[in-house]
Amino acid sequence: MDAVRAYSRELDDWDPPDFRVSKEEIEPLRTGDVVRLNGVIYIARDAAHARMKQSIEAGDPLPLDPEGNIVYYSGPAPARPGRALGPAGPTTASRMDPYAPLLIERGLRGMIGKGVRSEMVIESMREHGCVYFGAVEGTAALLADCVREAEIIAYDDLGAEAVHRLFVEEFPVVVVNDLYGGDLYREGRERWRR
């Protein structure tokens, strides 16, 4: 089995609904697999997640439809001239844990961040079909180089924590939690335990 897998779509005729990920597309992924994402992903951090939770509770529409999408936990720096996005490294995913199940239940297929997830989030991922990808911290500028287009789509008053839609090419991530209960952090600790 190839250790490098890719979720990708044609880059022509960028139409975000065409970039949705199905559960079947993520079923083959296992912890430790390196994936290069191509297509549309969204940036949202804790403040945006809190607002989305309020919208769900109020029955209001969300700024992004979670169904088939991937959310990257990041707060990008301002873009330099000629760049789509400034440095955008991963933020600690556990800050989104109180909100993540609400999006996972609505069809979110992937999350990108750093650090471990709560058992509540991992159970929701297994139940509804979502994977958690890790992005390497300290590579914010390199990850931003993979972003071809970026636009703020909601909560622009939150600055770096606004919801962004990104069009990415060859965006490198590693599967941390798969659909089958695999946990790269736990497995790594067990492997190297003396």
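The values are calculated or read from the model by the stated rules, or taken from the named source; none is laboratory data. Just so it is clear, the structure is predicted and the values come from calculations on it, not from any experiment. Positions of Cβ are generated from backbone atoms using ideal geometry, with glycine treated the same way; all protein chains shown enter the neighbour counts. Accessible surface areas use protein heavy atoms only, side chains included; no ligands, DNA or RNA. Shrake-Rupley method; radii C 1.70, N 1.55, O 1.52, S 1.80 Å.
What is the residue count in segment 123-134 for residues that are surrounded by fewer than 23 Cβ atoms within 10 Å (Cβ to Cβ) and not polar (S, T, N, Q)?
Going through segment 123-134 one residue at a time, the tally reaches 6.
Quick check: is even one residue across segment 106-115 farther than 20 Å from residue 174 by Cβ and of a type outside the set (Gly, Ala, Ser)?
Within segment 106-115 (the criterion being farther than 20 Å from residue 174 by Cβ and of a type outside the set (Gly, Ala, Ser)), the answer is yes, since at least one residue qualifies.
Looking only at helices (runs of 4 or more DSSP H) that fall completely inside segment 7-120, which ones have 1 or more residues that are farther than 21 Å from residue 136 by Cβ, open to solvent by 70 Å² or more (accessible area, probe 1.4 Å) and modelled with pLDDT under 95?
Output list reads 23-26.
In segment 173-194, which residues are under 15 Å from residue 113 (Cβ atoms), surrounded by 18 or more Cβ atoms within 10 Å (Cβ to Cβ) and within 16 Å of the chain's Cα centre (by Cα)?
173, 175, 176, 177
Given (1) more than 18 Å from residue 182 (Cβ to Cβ); (2) open to solvent by less than 10 Å² (accessible area, probe 1.4 Å); (3) of a type in the set (A, V, I, L, M, F, W, C); (4) assigned to a helix (DSSP H, G or I), identify the lone condition not met by residue 141.
Result: residue 141 fails condition (2) only.
Give me a count of the residues in segment 153-181 that are touching a Leu at 6+ places or on another chain (Cβ under 9 Å) and either on the phi < 0 side of the Ramachandran plot or of a type in the set (Phe, Trp, Tyr) (or both).
The number of residues fulfilling the criteria is 18.
Scan 135, 162, 144 and give me the residue that is farther than 20 Å from residue 36 by Cβ and in contact (Cβ under 8 Å) with a residue 24 or more places away in the chain.
Result: 162 is the single residue among 135, 162, 144 that is farther than 20 Å from residue 36 by Cβ and in contact (Cβ under 8 Å) with a residue 24 or more places away in the chain.
Of 84, 100, 93, which residue is under 21 Å from residue 172 (Cβ atoms) and touching a residue at least 40 places away in the same chain (Cβ under 8 Å)?
84
Across segment 165-194, what is the number of residues that are closer than 20 Å to residue 111 by Cβ and either free of Cβ contacts under 8 Å to residues at least 40 places away in the same chain or not in a strand (DSSP E or B) (or both)?
Matching residues across segment 165-194 total 10.
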